[in-house]
1. Of the residues that sit in the stretch 178-191 and are of a type outside the set (Gly, Ala, Ser) and assigned to a helix (DSSP H, G or I), which one is nearest to residue 96 (Cα to Cα)?
2. Has the stretch 179-189 got at least one residue that is surrounded by 15 or more Cβ atoms within 10 Å (Cβ to Cβ) and hydroxyl-bearing (Ser, Thr, Tyr)?
3. Can we say residue 140 is in contact with a Cys (Cβ under 8 Å, 6 or more places away or on another chain) and modelled with pLDDT of 95 or more?
4. Check the stretch 88-96 and report whether any residue there is modelled with pLDDT under 95 and over 22 Å from residue 30 (Cα atoms).
5. If residue 253 passes every condition in (1) among the hydroxyl-bearing types (Ser, Thr, Tyr); (2) touching a residue at least 40 places away in the same chain (Cβ under 8 Å); (3) out of contact with any helix residue (DSSP H, G or I) (no Cβ under 6 Å at 6 or more places or on another chain) but one, which one does it miss?
6. In the stretch 8-28, how many residues are farther than 21 Å from residue 71 by Cα and surrounded by fewer than 16 Cβ atoms within 10 Å (Cβ to Cβ)?
7. May I ask you to list the residues in the stretch 325-356 that are surrounded by 16 or more Cβ atoms within 10 Å (Cβ to Cβ) and hydroxyl-bearing (Ser, Thr, Tyr)?
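The values are calculated or read from the model by the stated rules, or taken from the named source; none is laboratory data. Note that the structure is a prediction, hence the values are computed from the model and not measured. Reconstructed Cβ throughout: ideal geometry from the backbone, glycine too, with neighbour counts over all protein chains shown.
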Amino acid sequence: MLKNLMTLARPALFALAPEKAHRLTIEILKQGFFPRQQGTDDERLNQTLWGLNFPNPLGMAAGFDKNAEVPDVLLQMGFGFCEIGTVTPKPQAGNPTPRVFRLIEDRAIINRLGFNNEGHKAVLARLLARPHHGINGIIGVNIGANKQTKDKTADYVAGLTAFYQVADYFTINISSPNTPGLRDLQSPQALENLLAQLMTTRATLAQQQPDQRTVPILIKLAPDIPANDLPEIIATLRQHHVDGIIVSNTTLSRDGLSEDHNARQTGGLSGRPLFLRSTAMLGEIYRLTEGQIPLIGVGGIDSAKAAIAKIEAGATLLQLYTGLIYEGPGLIDEIKRGLITMMQHNGLTSLSQATGRQAVTWAAKWSKMN
């Protein structure tokens, strides 16, 4: 019933400016008005990665719950995991408004938010206050650097240190297009320095934990990385034994968009137009990593068909956001049902059997794009 009501509420939300609609959605969820998952997930959707049990492969991507206001609500809605953030050491307001734009015909969003968030202290306090902390599902913490910071690596080290006791995994966001200079950290030399410091810090923090827990570190990449640079970047990630790669962040490209005045807005593009490039990149990274590093597929997932394509291109886990804006919360169940149907049709007993089986085909598309 609530699922249908939330879908029917979409026209009202779309009558509001995007950021106001987002804020209203968060407040509605905080008041307890959301569709709850009925029953438990089919065990064929379960996967264990990094010592964590994911009941299903669907996660809420970073950007929706920047300040950890509703992570448990999202888990109750049926997500297998939730990623909060991006969080920076100091609170920051982000870029001037308006800074989020709908491209309805393209089922897309352009944003130039600029890491608006409440900062480490406020977000950590909220995570520590969660009921039954550490029991109610998997929560990743996406960390970033403040806009005015000169030493951005130090900000990532600070994020790792601040949230180590509460994060199930970390995402290092070096691929947002909306913080000047941030994507420079994807260059091999800068990435080498960043990873060296993060891994040293993690080793020290792990030794300080009662259980000496090593929290996984994932790197989120941009889909706009030049093809010639990608092999060296992946080699650097492998050399430093990163635990996972998220493919991908938003794009600066405007290829294939319909005529819309909002298409001229600056910022990162997400949603359906990102699907082809991000999935082709996923296939290429699966090839470059030889399937040895778990990949999270993001970008343009707005149907079960799109979700299956991501897994076949090389994804072990998936993340949604823009697709939910256009399709509503029913998309969660739709994708899970579609995955089970695909497995039954192909005689598979686990999702891992489908991961990467079309990676070569997708990697070839990446080669043609570049």
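1. Here the residue is 182.
2. Looking through the stretch 179-189, at least one residue is surrounded by 15 or more Cβ atoms within 10 Å (Cβ to Cβ) and hydroxyl-bearing (Ser, Thr, Tyr).
3. yes
4. The answer is no; no qualifying residue exists.
5. (2)
6. 8
7. 326, 355
Results for (1) in contact with a Leu (Cβ under 8 Å, 6 or more places away or on another chain); (2) of a type in the set (Asp, Glu); (3) within 25 Å of residue 356 (Cβ to Cβ), shown as yes or no for each residue.
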position: 236; (1), (2), (3): yes, no, yes
position: 247; (1), (2), (3): yes, no, yes
position: 250; (1), (2), (3): yes, no, yes
position: 257; (1), (2), (3): yes, no, no
position: 261; (1), (2), (3): no, no, no
position: 265; (1), (2), (3): no, no, no
position: 270; (1), (2), (3): no, no, yes
position: 274; (1), (2), (3): no, no, yes
